[in-house]
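Heads up: the structure comes next, in structure tokens.
Derivation of every value follows stated rules applied to the coordinates shown; laboratory data play no part. Model, not experiment: these values are computed from the prediction. With ideal geometry, Cβ positions are generated from the backbone for all residues, glycine too; neighbour counts draw on all protein chains shown.
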Amino acid sequence: MISCNHAAMLIDKKEATSISFMESLKLKFHVLLCATCKKYKVMSKQIDQTLKKYVSQHNTVNVHLSEEKKEAIIRKLNE
């Protein structure tokens with residue numbers, strides 16, 4: 001079974017990009033057995049939805065990353 005830290009990282013990674021089938025299975029199994037991570041998953045999704053809604057309504061966030069920076073972030077998430 002994966003650790004709670006690993007589960008939290010996979011939860012966040014899944015929101016930003018995609019995770020592999022095996023990562024998804026490990027995460028589902030862990031969340032099924034761990035009430036804390038289950039709650040974290042729900043809260044993380046709520047935060048992401050709230051931020052997306054706020055940004056879409058206010059258009060106040062104007063972030064432009066170079067392709068190089070975007071790729072570096074994606075590489076780091078995939079580690």
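Observations on the model:
- Helix-only CD estimate at 222 nm, as mean residue ellipticity for the chain, using -39500 (n - 2.57) per DSSP H run (n ≥ 4): -26000 deg cm²/dmol
- Cα gyration tensor, the chain - rounded (a/c under 1.5), prolate or oblate: oblate
- Within straight-line cross-link reach of Lys69, lysines at Cα separation under 30 Å, skipping those fewer than 8 residues along the same chain: Lys13, Lys14, Lys26, Lys41, Lys45, Lys52, Lys53
- Positive-end residue of Ile19, Ile73, Ile2, charge dipole of the chain with Cβ unit charges: Ile2
- Potential lengthening of the chain between Lys38 and Ser66 amounts to 6.6 nm, from the contour at 0.36 nm per residue minus the alpha-carbon distance.
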